[in-house]
Structures are given as structure tokens and as C-alpha cells.
Amino acid sequence: MRKYLTAVSLLVVSGYAFAMVAGWRIAEGYQIRFDGKYAHGSFQKIEGNIRFDPLHPDDSHFEVSVDVASIDTGIELKNKHARGEKWFDADRYPRIYFVSKAVSRTDTGFVVHGELELRGIRKELSIPFVFTSTGDQHLFYGKFKVNRGDFGIGKVSGKESDFTSVEVSVPVLALE
């Protein structure tokens, strides 16, 4: 009986400890890739505050920003153009922001609903993602599309080519 109580106590304590690990720090090795009709590449700098508990997603919150000047298309002239007034206008709007409003569970993972701010324009956006945790390795991974026309970027055609696919892979470390 005593062994049983000890085992139950350990499970309760370890479950409570995991539930309390809700704060995460973005670790090295993150990737923010984009692919659209006019450009593909990545952003090299991301910062954020993440509070996420997979057992209680409704208590979660994400505040993330991306440094627009960190864009890398693999072609310096294209990078300069992307930072310019017709696209991201990095001088006036140096950061892309995403702030969550709600996080919920889905059949395949989670979805974070929030507001994306790009070029000073705010739009509602839902991002499906999975969270994997193996030992001390923790990772957020998601894919979604953004309509660049919604944010006044480039010439808008009203076609599928106005959408840019975004793939995010963010390893995190638990805050102590």
C-alpha cells in the first residue's frame, strides 16, 4: 500500500510540475520560412514571450515579434527590395507582431487565434500548430497562409498568388 501511495504521489507531483511549466524561452535553431509567388526565404530574428501548457491550452498566451530587417531571400537585391516601402517598409515598420487571443485543442494539435500586425495593419489570424515534447526537447511547429494584400504588400491581384505560405519551427526551453 505504501509503494502505491508513493507512486501516486510522484505522479501527482510530476504532473503538477509539468502543468506549472507554462513559460517558455525561444531557443536557438528556430526557423521562419515563407514561400510566395514573388519571393521565398526566411526571417532570421524572432523574439517572444510564450506561456503554454498543453494540458490547459485555454490558459496559454503568445506574444511574438519578428525583425523585418532580418529577411533573407538568398539574394541581397531582393532583400533590399523586400525591406523597402513597397513591401515591408522596414524603416517605418521594423517588426511584425503576433499576439494571441485564444488557444484551443484540435484533433491534430492546437490552434492559436490572435492578431497579426504587419506594416501597421492588424488582422485576425488563426495558426494551427503542434507541440512536441521529448525529454528536454520541446518544439512548436505550424504552417499557415497570409494574404499579403490584406497588409498592403505588393500589387494585389485577388488571386491565390496574393497568399504567402509560412512555416514556423520554434524550439523552446522551459523557464525556471
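Taken together, the values in this text are just the output of simple stated rules run on the coordinates, not laboratory data. A quick note: this is a predicted structure, and the numbers were derived from the prediction, not measured. Glycine also receives a Cβ, built like all others from the backbone with ideal geometry; neighbour counts cover every protein chain displayed.
How large is the helix-only mean residue ellipticity at 222 nm for the chain, computed as the sum of -39500 (n - 2.57) over DSSP H runs with n ≥ 4, divided by its residue count, in deg cm²/dmol to the nearest 500? For the chain, the value works out to -5000 deg cm²/dmol.
Placing unit charges on each Cβ (+1 for Lys and Arg, -1 for Asp and Glu) gives segment 58-176 a dipole about its Cα centre, and among THR132, GLY152, ILE71 the Cα reaching farthest toward its positive end belongs to GLY152.
Of the cross-linked pairs LYS78/LYS155; LYS45/LYS80; LYS80/LYS159; LYS123/LYS143, which ones have a Cα-Cα span greater than 19 Å in the structure shown? From LYS78/LYS155; LYS45/LYS80; LYS80/LYS159; LYS123/LYS143, over 19 Å: LYS80/LYS159. For segment 75-176, the percent of C-alpha pairs falling in each 10 Å distance bin, counted from 0 to the bin holding the largest distance, reads 13, 37, 32, 16, 2. Applying 1/(1 + (r/R0)^6) with R0 = 45 Å to the Cβ-Cβ distance of ALA69 and GLU176 gives a FRET efficiency near 0.90. Equivalent ellipsoid of the chain: semi-axes from √(5λ) of the C-alpha gyration tensor, largest first, are 38, 16, 13 Å. Annotation note: trypsin sites (Lys or Arg not before Pro) in segment 90-176 located in DSSP loop regions with a Cβ neighbour count of at most 15 within 10 Å are ARG92, LYS155, LYS159. Under a model in which nothing but the beta-carbon of Lys, Arg (+1) and Asp, Glu (-1) is charged, the chain shows a dipole of about 260 debye around its Cα centre.
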